[in-house]
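What follows is a set of notes on a single structure, which appears directly below.
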Amino acid sequence: MAYAATAGGPNVAAPGVLALQRALVWLVGASGAIVFIEPSPYEIATLLATVTFFATGLRLKLALMPLVALLVLLNVGYTISAIPLFDKPEVVSWIATSWYMAVTVVFFAMVISEDTAARLDMLRRGLMVGAMIASLLAVAGYFHLVPGGNDLLTLYGRARGTFKDPNVLGAFLILPALFALQSVVSDKFGKAFRNVIGFGIMSLAILLAFSRAAWGGLVLTSAFMLALMVLTCRTNAQRSRIIVMAIVAAVLGLALIAVLLSFDATAEMFKQRASFDQSYDEGRFGRFGRHILGAEMALDLPFGIGPLQFHRFFPEDTHNSYLNAFMSGGWLSGVCYPALVFTTVIMGFRHIFVRVPWQRAYLAIFSAFLGTVGESLVIDTDHWRHFWMMLGAMWGMIAAAQVYKANAGEDASSA
């Protein structure tokens, strides 16, 4: 497919180089759904893409320097706090992974800041292919349709597909599901119908992952994204279609849930997971009790306790990425992590109504990113690959939008 160069300036790369770069973006997106083995295809594809992009031309824009600074300071804090624990292989591995995630953020930001519309489209396509593979395997595993695949594709009776954890499967699928939902409510019939099927399969996989955070995340991010689409529509006809199709999608979703709840095993698991009085959430040392006690500890520990050490003091891990930043990296990481996240959120809101060619993709990614930011309050998202991918994409889109606006202003003044 041919694309115009849309990144805030003409892309001078040869057509063959552009095609290779875009294909690698697609590959990274598709491989992001296959992470149950180490090293995962995602790591291999990302490394290949990084080497290729740097060899064929990649620029670090000035607008990305705050991102780089915050990521470096965040990981310096982690590394300093981990110094007494370097004799533990799992801690060294955790630190190395954190630095690697930071590198991927900068890579995605640099990639998306140029040739933006085309690369975002290829990333979207790749993510949706990967999501469909993961979803189909998750559903097949849950219903025992794959001989011998129950142990590989499910965990504790919950679908996990090509992920190690059902919670991560559910969280990953939200962004591709939002992309599919956008097509359902705004594209022509043929494409919209194909995406109805895709959205239904991904939603089913999220439901069968039995992740409360993913359930709520899909509903809230879908509603938020659709509201933004209505607000940013150019015509009343588009607004009316989005509203009508959103209502139809909601009705079909409720019908799907009703059918699934007719199965006793599914209904029992749904009842168990939908409860808000889980044993590991309640009490002094429950999930939320640990948050309070951990926050009190963090105030007295400038260098934290080091990565992966929280369970030495409490029955389970933090299940709160903001608290984990304080505990794993001390005050330096504890300040830089929320600063990085909330700076991105604030800038994200400021760019919602900026008319750029990739606005539709922007609304989906921002909605999914915002959902993960909220989910980080109740689960550890620190090493979720798709979270860092979205973070990098957000900064890349924002940097590209600034250049696009500047160029549009120059064109208008010269006209």
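The values are calculated or read from the model by the stated rules, or taken from the named source; none is laboratory data. Just so it is clear, the structure is predicted and the values come from calculations on it, not from any experiment. Methodologically, a virtual Cβ is constructed for each residue, glycine included, from the backbone with ideal geometry; neighbour enumeration extends over all protein chains shown. Calculation scope for accessible area: heavy atoms of the full protein, side chains included, ligands and nucleic acids excluded. Shrake-Rupley method; radii C 1.70, N 1.55, O 1.52, S 1.80 Å.
Does Val259 fit the bill of being assigned to a helix (DSSP H, G or I), out of contact with any Cys (no Cβ under 6 Å at 6 or more places or on another chain) and within 24 Å of Phe369 (Cβ to Cβ)?
Judged against the criteria, Val259 is not a match.
Matching residues to (1) without any contact (Cβ under 8 Å) to a residue 24 or more places away in the chain; (2) more than 24 Å from Leu137 (Cα to Cα):
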position: Gly170; (1), (2): no, no
position: Met202; (1), (2): no, no
position: Trp215; (1), (2): no, no
position: Thr235; (1), (2): yes, yes
position: Ile242; (1), (2): no, yes
position: Ala258; (1), (2): yes, no
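Kindly provide the set of residues from region 122-155 that are under 24 Å from the mean Cα position of the chain (by Cα) and not in a helix (DSSP H, G or I), ordered by number.
Once the filter is applied, which keeps residues that are under 24 Å from the mean Cα position of the chain (by Cα) and not in a helix (DSSP H, G or I), region 122-155 yields Thr154, Leu155.
Restricting attention to region 192-216, and to residues there that are more than 21 Å from Leu155 (Cα to Cα) and touching a helix residue (DSSP H, G or I) at 6+ places or on another chain (Cβ under 6 Å), which single residue is surrounded by the most Cβ atoms within 10 Å (Cβ to Cβ)?
Among residues in region 192-216 that are more than 21 Å from Leu155 (Cα to Cα) and touching a helix residue (DSSP H, G or I) at 6+ places or on another chain (Cβ under 6 Å), the one surrounded by the most Cβ atoms within 10 Å (Cβ to Cβ) is Phe199.
I'd like the full set of residues that are modelled with pLDDT of 95 or more, small (Gly, Ala, Ser) and over 18 Å from Phe199 (Cα atoms), limited to region 113-170.
Across region 113-170, the qualifying residues are Ser113, Ala117, Ala118.
Taking the options Val76, Val72, name whichever one is in contact (Cβ under 8 Å) with a residue 12 or more places away in the chain, open to solvent by less than 80 Å² (accessible area, probe 1.4 Å) and under 22 Å from the mean Cα position of the chain (by Cα).
Being in contact (Cβ under 8 Å) with a residue 12 or more places away in the chain, open to solvent by less than 80 Å² (accessible area, probe 1.4 Å) and under 22 Å from the mean Cα position of the chain (by Cα) holds for just one of Val76, Val72, which is Val72.
Suppose we keep only residues that are under 22 Å from the mean Cα position of the chain (by Cα) and of a type in the set (Phe, Trp, Tyr) within region 156-187. Which one would you say is surrounded by the most Cβ atoms within 10 Å (Cβ to Cβ)?
Phe172
Tell me which of these Leu67 doesn't satisfy, since it passes every other one: (1) modelled with pLDDT of 90 or more; (2) open to solvent by 50 Å² or more (accessible area, probe 1.4 Å).
(2)
So which residues in region 225-240 are part of a helix (DSSP H, G or I) and open to solvent by 60 Å² or more (accessible area, probe 1.4 Å)?
Leu231, Asn236, Ala237, Gln238, Arg239, Ser240
Which of the residues that make up region 127-149 are small (Gly, Ala, Ser) and surrounded by 24 or more Cβ atoms within 10 Å (Cβ to Cβ)?
Matches in region 127-149: Gly130, Ala131, Ala134, Ser135, Ala138, Gly141.
Here are Ser98, Ser93: which of them is surrounded by fewer than 21 Cβ atoms within 10 Å (Cβ to Cβ), assigned to a helix (DSSP H, G or I) and hydroxyl-bearing (Ser, Thr, Tyr)?
Ser93
For Tyr337, only one of the following conditions fails: (1) farther than 20 Å from Thr116 by Cβ; (2) without any contact (Cβ under 8 Å) to a residue 40 or more places away in the chain. What is its number?
So the condition that Tyr337 fails would be (2).
Each row is one residue, and each column tells you yes or no for (1) under 30 Å from Ile305 (Cβ atoms); (2) touching a strand residue (DSSP E or B) at 6+ places or on another chain (Cβ under 9 Å); (3) of a type outside the set (Val, Ile, Thr).
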position: Glu90; (1), (2), (3): yes, no, yes
position: Ile112; (1), (2), (3): no, no, no
position: Asp115; (1), (2), (3): no, no, yes
position: Met128; (1), (2), (3): no, no, yes
position: Leu137; (1), (2), (3): no, yes, yes
position: Leu152; (1), (2), (3): no, no, yes
position: Asp165; (1), (2), (3): yes, yes, yes
